[in-house]
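Structure first, commentary second.
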Amino acid sequence: MSFSLFRASVRTAVTSGSLPRAQLRNQLRNSIRKFSTPPEAPAPKSNTTLYVGIGAVVAAAGVAFYSFSDSGSNAVKSGVQAAKVKANFVPTKEDYQKVYNRVSGIFDDAGDYDDGSYAPIILRLAWHSSGTYDKESKTGGSNYATMRFAPESGHGANAGLNVARDLMENIKQEFPWISYGDLWTLGGVAAIQEMNGPKVPWRPGRIDGVQAQATPDGRLPDGSQGADHLRQVFGRMGFNDQEIVALSGGHAVGRCHSNRSGFDGPWTFSPTTVTNDFFNLLFDEKWVWKKWNGPKQLEDKGTKTLMMLPTDYVLVQDKVFKKYARAYADDEALFFKDFAAVCAKLFELGVPTAQWVTPEPWIMKNADEK
């Protein structure tokens, strides 16, 4: 039985309610323990030249583009150009649902790449393209999708995300009317929901910028640091302690790669399923420093197959962080509620209110919902 088919059957069981989540988690752990870390797959190649600016949604909807700065005016022009491509086309929620369904359709096409799913790296793309926001200068965030450009695309924290950008570029060619910022964040919503996570409110309206708007290096978290660093980085985005811990729960899925971040391994036994296991494992496992030639990271003493970053471990060392981590370990429903809310906030960072196509965010259907 292939791993992708196993995940599909698990999704069906959870959706139908035939399996309690605790039983699901045990099945996932027992099954995934049998899998060794898959070899690195080469990044998909793309011959498509990334072109600047779409903004057709906002332009077609008649949203006023008040001044953005000199470089921002180019984004306006690119939006106008895109609008000409799709003259008189105003996307509806159903149009965005088609994009969501198309994105979700590529998740299980990963073969042996990263536990058999592209969903975690698509989520990481949405996260990193949004988490560059600076509330003081009001720069960065998801609005301009500037990770398309150097030097931001080459920042250390974005290593490996060319895989996700290339995957999404193929979808962009199918739906040229959607902006990169909307596409990437909608992909993040799809990743969370299709990995059995909570529904994440989302709305369109982001426009694509130009290279001059790319953000400087150092705005994303450094996993080797401590509590002060987390508060500084996330505080710059506008998040409080509770939100920092909730966002950290995203480490329930995915893994680190030694040839990218330097760190190596998954955080949980079910790296393609959103659960509160990240928090449970922090409290329940015995964590020791890994003896190896890489950067400082922890491993579980029992199986030595899981990892935690220093920035993860401070969640049970810092008194305030620990309070929230404990609450999420004890109550998965609470974690899901707060995780959905903070991801929705993250994906909207840097987008002026006037740009939103709809005043209230939408709840997108899962791919298998009618």
(request) Taking SER129 as meeting all but one of (1) outside any helix (DSSP H, G or I); (2) touching a helix residue (DSSP H, G or I) at 6+ places or on another chain (Cβ under 6 Å); (3) without any contact (Cβ under 8 Å) to a residue 60 or more places away in the chain, write down the number of the exception. (result) (1)
(message) Being buried (at least 22 other Cβ atoms within 10 Å of the Cβ), among the hydrophobic types (A, V, I, L, M, F, W, C) and part of a loop (DSSP other than H, G, I, E, B) is the filter here; which residues of segment 137-150 pass it?
(response) ALA145
(request) Select from segment 166-186 the residues that are crowded, with 24+ Cβ neighbours inside 10 Å and in contact with a Ser or Thr (Cβ under 9 Å, 6 or more places away or on another chain) and list them in ascending order. (result) TYR180, GLY181, ASP182, TRP184, THR185
(request) Would you please list the contacts, defined by Cβ atoms under 9 Å and residues six or more apart or on different chains, that run from a residue in segment 321-338 that is outside any helix (DSSP H, G or I) to a residue that is surrounded by 16 or more Cβ atoms within 10 Å (Cβ to Cβ)? (result) ASP331/ASN276
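Residue-wise test of (1) out of contact with any strand residue (DSSP E or B) (no Cβ under 9 Å at 6 or more places or on another chain); (2) at pLDDT 95 or above; (3) among the hydrophobic types (A, V, I, L, M, F, W, C).
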{"position": "TRP184", "(1), (2), (3)": "yes, yes, yes"}
{"position": "VAL189", "(1), (2), (3)": "no, yes, yes"}
{"position": "GLN193", "(1), (2), (3)": "yes, yes, no"}
{"position": "ASN196", "(1), (2), (3)": "yes, yes, no"}
{"position": "LYS199", "(1), (2), (3)": "yes, yes, no"}
{"position": "TRP202", "(1), (2), (3)": "no, yes, yes"}
{"position": "ASP222", "(1), (2), (3)": "yes, yes, no"}
{"position": "GLY235", "(1), (2), (3)": "yes, yes, no"}
(request) Give the residues of segment 72-120 that are at pLDDT below 95, open to solvent by 30 Å² or more (accessible area, probe 1.4 Å) and hydroxyl-bearing (Ser, Thr, Tyr), sorted by residue number. (result) SER73
(request) Would you mention how many residues in segment 151-184 are assigned to a helix (DSSP H, G or I), touching a Leu at 6+ places or on another chain (Cβ under 7 Å) and closer than 17 Å to HIS257 by Cβ? (result) 3
(request) Count, please, the residues in segment 153-165 that happen to be open to solvent by 10 Å² or more (accessible area, probe 1.4 Å) and of a type outside the set (Lys, Arg). (result) 8
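Residue-wise test of (1) in contact with a helix residue (DSSP H, G or I) (Cβ under 6 Å, 6 or more places away or on another chain); (2) acidic (Asp, Glu).
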{"position": "THR146", "(1), (2)": "yes, no"}
{"position": "ALA157", "(1), (2)": "no, no"}
{"position": "GLY160", "(1), (2)": "no, no"}
{"position": "GLU169", "(1), (2)": "no, yes"}
{"position": "TRP177", "(1), (2)": "yes, no"}
{"position": "ARG203", "(1), (2)": "no, no"}
{"position": "ILE207", "(1), (2)": "yes, no"}
{"position": "GLN213", "(1), (2)": "yes, no"}
(message) Can you go through VAL274, VAL320 and tell me which one is modelled with pLDDT of 95 or more and touching a Pro at 6+ places or on another chain (Cβ under 9 Å)?
(response) VAL274
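The values are calculated or read from the model by the stated rules, or taken from the named source; none is laboratory data. Bear in mind that the values here come from a model prediction, so they are computed numbers and not experimental data. We place every Cβ from the backbone using ideal geometry, glycine too, and count neighbours over all the protein chains shown. Only protein heavy atoms, including side chains, enter the accessible area calculation; ligands, DNA and RNA are left aside. Shrake-Rupley method; radii C 1.70, N 1.55, O 1.52, S 1.80 Å.
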